[in-house]
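S.K.: Dropping the structure in here first, questions after.
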Amino acid sequence: MTGRREESARESRRRLLEAATELVAEGGPRAASVQAVAGRAGISRGSVAWHFGSKEGLIVEVIAQAFRSAEEEYRRQLPETGPLSFDALVDAHLTVVDAPCGRVFATVLPDVMGGPGPLRDAYVRGYEGTRRVWVGYLERITAHAPGLPDAKSLASIVFGSGVGVNTLHGLDGLVDRTEAFTALKTLFQMAGGATAERAG
């Protein structure tokens, strides 16, 4: 009986987290009220406090899960061994920023930038982990491509561009994310080609 109860609790937690992630991706933390999350998950409102302590605790977990999902995708698409490719990094990045986790990064940013607190702490921890993956991959690329900026600067540029597109989409519904990401990829490819020509 205990096993069944634990399984039910895990399923409830998963559903709440999934519902909150969808709501945060759509409209930011304010859209993820306890009532809205519980309603979308089909679970009682009291379950949010039981599983996460508070709405803030739930949003902290949404942020942490978003970064875990992003990091898993980057590691899947950018293995530590094998051929290196800036295009592979851009493709991985565009996959992430177009996913719910990427939209979470953009929608929580105003709250995160508002000052210190648990949301900012969760965001910074997640960002630092993702940045380590990026910088490690980019260091391997820049070691063989003179003329490229350093790995840390490149990581900031690529990550920031994805968050920027998602943020602008949230501000202006006329911004087509697919078109913007396609244009972004083209720009990165052109920059990479120009660097290769200079180095050649």
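S.K.: In region 42-119, what GluC sites (Glu not before Pro) fall in a loop by DSSP, with at most 11 other Cβ atoms inside 10 Å? All intermediate terms of the calculation are to be shown ahead of the outcome.
M.R.: Numbers: sites: Glu56, Glu61, Glu71, Glu72, Glu73, Glu80; in loops: Glu80.
Loop-located and lightly packed - Glu80.
S.K.: What do you get for chymotrypsin sites (Phe, Trp or Tyr not before Pro) in region 50-103 restricted to DSSP loop and a cutoff of at most 16 other Cβ within 10 Å of the site's Cβ? Don't skip to the answer; put the middle values down first.
M.R.: On the way: sites: Trp50, Phe52, Phe67, Tyr74, Phe86; in loops: none.
Hits after loop and neighbour filter: nothing returned.
S.K.: If one computes the Cα centroid of region 1-62 and of region 160-180, what distance in Å separates the two points?
M.R.: Spelled out, the Cα-based centre of one part sits 27 Å from the other.
S.K.: Shifting gears a bit: To the nearest 10 Å², what's Lys152's accessible area with a 1.4 Å probe?
M.R.: For Lys152, solvent-accessible area is about 120 Å².
S.K.: Compute the Cα gyration tensor for region 65-133, then decide on rounded, prolate or oblate, letting a ≥ b ≥ c be the square roots of its eigenvalues: rounded whenever a/c is under 1.5, prolate when a/b is larger than b/c in the other cases, and oblate in all that remain. Write out the running numbers ahead of the final one.
M.R.: Numbers: a/c = 2.80, a/b = 2.03, b/c = 1.38.
Cα axes put region 65-133 in the prolate bin.
S.K.: Taking percent of Cα pairs over 28 Å apart straight from the coordinates, which label in (i) 34; (ii) 24; (iii) 28 is the correct one?
M.R.: Entry (i).
S.K.: Can you bin region 1-119 into rounded, prolate or oblate? Criterion: square roots of the alpha carbon gyration tensor eigenvalues sorted a ≥ b ≥ c, rounded for a/c under 1.5, prolate for a/b above b/c, oblate for the rest. Display every interim value, and only then the final one.
M.R.: Numbers: a/c = 2.55, a/b = 1.54, b/c = 1.65.
Oblate, since a/c reaches 1.5 and b/c is not below a/b.
S.K.: Considering only the other residues whose Cβ falls under 15 Å of the Cβ of Ala99, what net charge follows from Lys and Arg at +1 and Asp and Glu at -1? Provide the component values of the computation, followed by the final result.
M.R.: Numbers: positive: Arg68, Arg75, Arg76, Arg103, Arg177; negative: Glu18, Glu22, Glu26, Glu71, Glu72, Glu73, Asp91, Asp98.
Within the 15 Å Cβ shell, the charges total -3.
S.K.: A further question follows. Mean residue ellipticity at 222 nm from the helices of the chain, using -39,500 (n - 2.57) per DSSP H segment of n ≥ 4 over the full residue count, to the nearest 500 deg cm²/dmol? Kindly include the intermediate steps, with their values, before the conclusion.
M.R.: Values: 9 runs with 159 residues, N = 200.
That comes out to -27000 deg cm²/dmol.
S.K.: Could you compute Rg(Cα) / (2.2 N^0.38 Å) for region 139-192, with N its residue count? Write down the numbers at each step before the final one.
M.R.: Working: Rg = 13.3 Å, N = 54, 2.2 N^0.38 = 10.0 Å.
Relative to the 2.2 N^0.38 Å estimate, region 139-192 comes out at 1.32.
S.K.: Let me ask another. Of Ser156, Pro118, Thr107, which is farthest on the positive side of the dipole of region 104-170, counting Cα position, with +1 on Lys and Arg Cβ, -1 on Asp and Glu Cβ, and the Cα centre as origin?
M.R.: Value: Ser156.
S.K.: Now, a different point. Sum up the charges of everything whose Cβ sits under 11 Å from the Cβ of Ala36, counting Lys and Arg as +1 and Asp and Glu as -1, but leave Ala36 out. Kindly include the intermediate steps, with their values, before the conclusion.
M.R.: Details: positive: Arg30, Arg40, Arg45, Lys55; negative: Glu22, Glu26.
Neighbour charge sum, excluding Ala36 itself: +2.
The values are calculated or read from the model by the stated rules, or taken from the named source; none is laboratory data. Computed from a prediction, not measured in an experiment: that's the story for all the values here. Backbone-built Cβ (ideal geometry, glycine too); neighbour counts: all protein chains shown. These area figures cover heavy atoms from the full protein model, side chains too; ligands, DNA and RNA do not enter into them. Shrake-Rupley method; radii C 1.70, N 1.55, O 1.52, S 1.80 Å.
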